[in-house]
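Taking it in order: structure first as structure tokens, then the write-up.
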Amino acid sequence: MIYGASTSWPRDDRLFQSLETTETRQAHQRSIVLLIGIIIGFIFVIGKITHLMVLHSAEEGRHAKRFPTTLIGRGNILDRNGNILATTLTTSSAYANPKDILNVEEAAVKLSTLFPNLSYQSLFEKLSTSKTFVWIKRNLTPQQQEAINGLGLPGVYFQREEKRVYPYDKLTAHVVGFTDVDNNGISGIEKYFDQSLRENDSSVHLSLDVRVQHILYDELANGMEKFKAIGASGIILDTETSEVIAMVSLPDFDPNQSLKPDGNAIFNSSTLGIYEMGSVFKIFTLAMALDSGKINLNSGYDTSKEFKVGKYKIKDFYAKNRWLSVPEIFMYSSNIGSVKMALDVGPEKQREFLEKMGLLKPMPLELPETGKPLAPTRWGDVGAATISYGYGVAISPLQMINGVASMVNGGILRNPTLILGGSKDSPEHRVISSNTSEKMRRLMHLSVKEGTGKKGDADGYLVGGKTGTANKTSGKGYVSKNCHRALFVGAFPMIKPRYVILIMLDEPKGIKETFGFSTGGWTSAPIAGNIIKRISPLVGILPMDEKSSAIQSVLHIGHPKIDKE
Amino acid sequence: MTSSVLRNITALTFLLSTFLGGVIYHIKHQVLDLEQRMQGINRQIINTNETIHILKAEWGYLNQPKRLQGLNNKHLQLRSIAHYQVASYQTFPTLVASRQHKGPDRIIVARKKEGSIAT
């Protein structure tokens, strides 16, 4: 130690003192700066803590929201009452890594006893491969998953998968459509709203009512079986909003089956199919003629002889062979009378009218499957004549029934919609005067009460309608007599129609009960009548006394026989 | 500034920082704990939501009108309501009053109409 403390060393006190004071001062200054720095730091930290915990404690909620509370992928499709028509369920699928399996034989035996449709042989082969991944069974039920877990097999694992499920099976197959295995919509609403369904929590609310849909389906399927028809379609539409309440097309398919349905079953005959409508088209002819002012309800036409237009002879199916008044022409469905009426109005005006009705262009609808109507390019007298009773223009059943809705609702045409509430900005326009519409209501009621549509009646519910029987085309000509479509279009209750209904049977055959007849009045009309009887109490339509003077004053229509030579 | 004051401040700062350190440590652990609980609860919510979702689909499946109709045909044999079985509230008193017999129905309805209490 050279500089020991005890060493007496000459000290220059002055120098030491001055050194001490400057050093102390500097240390003081430094520590004060540091202190201020620390204090500022603490104030900042305290401020921040206060900010987080007192002033902005509500932000906690935002933080919590970052966590998803659901993992369901594709949105639901609901009916108008919130019933789930399509939803996505997460399921588990069992797979195995054969390399991890200790005893292949034991595993194969256990799994094959659990799933009788998986054979021991195929399982054994699967599990003995050199792969590292083989499916055992996909989309298990929770019970099955638990059972596999219970086996305690090493090397068997589960994978989470999503599966589109349609709880109502076939009931709404054509409207809702279906998806492929990767949950991409490939038909119906599933396809049309594919994009918005993918975005989470965006359900599609349809205007369909499953209860009404079922009644329509039930009666239509029964009718189809009874009359040995090869196909059928039925539509119920709200007259005021043009919302589709029910829509069925048969034959159909089960969207829960992963197999791709065949073309015939997947074809939506209600919207995609276009057909010549036959006599039900006379509703439009009559409304057009009445609205043009060329005829009134007291007018009449001579239907005693066949009528020639060009090279065509027009005959009546239910021939009366005399002069018929306008109401009689409608109730007996006279072709001759309709043709004469249409020719009085003229082909040009007829074309204008059908264009205004939107029957000459595809109809806007929330389905990818909509048919493009067919109309003649040359629209002369011959065209006008055949179109007047429903031949020469082919439209989809939905277009037909939507047109009828505008005939009975006071004359306003709207676009049909499958979405609850419809599209608010959807255009609507007047096609006939409310006065003509009122006459049409009376005429349609007459046709059901006393004309060809008697079997479509449902006592108390004031049904109105029109029957039709349209021959089917094959190649260039019309095929034999027993090959036709039978139609009924109706509305109820006629004093202020709430719903319009269309029933179409493809190639119905006459039976003993109908005395061999297979026309619209004998086959489709009774189906419609049954449906109206069943759904009216359900949707809150009260039965009324049809003979009461109040109802008669609204719906009565005279149809005097005209005595002319 | 005397050195004793400085010493006091240093001690105070030291104490404060130790205290705050302790508090922050405590809070941090509380937060971790809460976050863990939240994750657990969120997992539960997801599971419950999925269960509800499955139950809703199952409810729809069990309520298939076709199935209900089949059950009705098997066990109840109820038929659709006929038009003569339906009456509105408005027409009800007149329906009862218009009956031929002079049963108690008629009297009660008539008295209720007048607003007096039936005795």
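The values are calculated or read from the model by the stated rules, or taken from the named source; none is laboratory data. Keep in mind that what you see is a predicted model, and the values were worked out from it rather than measured. Backbone-built Cβ (ideal geometry, glycine too); neighbour counts: all protein chains shown.
Only strands (runs of 3 or more DSSP E) whose full extent lies in the range A:363-480 are considered here, and the ones with at least 1 residues that are in contact with a Phe, Trp or Tyr (Cβ under 7 Å, 6 or more places away or on another chain) are A:464-471. A residue that is among the β-branched types (Val, Ile, Thr), at pLDDT 90 or above, more than 36 Å from the chain's Cα centre (by Cα) and closer than 23 Å to residue A:469 by Cα occurs nowhere in the range A:373-388. Among the residues making up the range A:81-110, none is aromatic (Phe, Trp, Tyr) and within 12 Å of chain B (Cβ to nearest Cβ). Restricting attention to the range B:28-80, the residues being of a type in the set (Gly, Ala, Ser) and at the interface with chain A (Cβ under 7 Å from one of its Cβ atoms) number 3. Kindly evaluate residue A:427 against the criterion of being free of Cβ contacts under 8 Å to residues at least 40 places away in the same chain, under 30 Å from residue A:206 (Cβ atoms), surrounded by fewer than 19 Cβ atoms within 10 Å (Cβ to Cβ) and not polar (S, T, N, Q). For residue A:427, the condition - free of Cβ contacts under 8 Å to residues at least 40 places away in the same chain, under 30 Å from residue A:206 (Cβ atoms), surrounded by fewer than 19 Cβ atoms within 10 Å (Cβ to Cβ) and not polar (S, T, N, Q) - is met. When residue A:173 is tested against (1) over 30 Å from residue A:419 (Cβ atoms); (2) among the hydrophobic types (A, V, I, L, M, F, W, C); (3) crowded, with 16+ Cβ neighbours inside 10 Å; (4) touching a residue at least 40 places away in the same chain (Cβ under 8 Å), exactly one condition is not met: (1).
For the range A:495-512, residues that are within 17 Å of residue A:460 (Cα to Cα) and either in a loop (DSSP other than H, G, I, E, B) or not assigned by TED's automatic domain parsing to the domain that holds residue A:225 (or both) total 4. Residues in the range A:299-328 that are outside any strand (DSSP E or B) and either in contact with a Leu (Cβ under 8 Å, 6 or more places away or on another chain) or not assigned by TED's automatic domain parsing to the domain that holds residue A:451 (or both): A:303, A:326, A:327. For the range A:533-565, the candidate set comprises residues that are at the interface with chain B (Cβ under 10 Å from one of its Cβ atoms) and β-branched (Val, Ile, Thr); within that set, the residue that is farthest from the chain's Cα centre (by Cα) is A:541.
Tallying residues that are at positive phi and surrounded by fewer than 21 Cβ atoms within 10 Å (Cβ to Cβ) within the range A:278-324 yields 3. Looking across the range A:212-246, the residues that are in a loop (DSSP other than H, G, I, E, B) and among the β-branched types (Val, Ile, Thr) come down to A:230, A:239, A:241. Filtering the range A:200-223 for residues that are assigned by TED's automatic domain parsing to the domain that holds residue A:413, more than 19 Å from residue B:64 (Cα to Cα), in contact (Cβ under 8 Å) with a residue 12 or more places away in the chain and surrounded by 22 or more Cβ atoms within 10 Å (Cβ to Cβ) leaves a non-empty set. Could you check how many residues of the range A:513-556 are in a helix (DSSP H, G or I) and closer than 29 Å to residue A:297 by Cβ? Result for the range A:513-556: 14. Hey, which of the helices (runs of 4 or more DSSP H) in the range A:154-205, taking only ones fully inside, have at least 3 residues that are more than 14 Å from every other protein chain (Cβ to nearest Cβ)? Ranges flagged: A:188-192, A:194-198.
Sort out which residues of the range A:430-460 are surrounded by fewer than 24 Cβ atoms within 10 Å (Cβ to Cβ) and over 19 Å from residue A:547 (Cβ atoms), and write them in order of number. Passing the criteria: A:430, A:431, A:433, A:434, A:435, A:436, A:437, A:438, A:439, A:455.
Against the numbered list (1) touching a Gly at 6+ places or on another chain (Cβ under 8 Å); (2) of a type outside the set (A, V, I, L, M); (3) within 14 Å of another protein chain (Cβ to nearest Cβ), residue A:214 comes up short only at (1).
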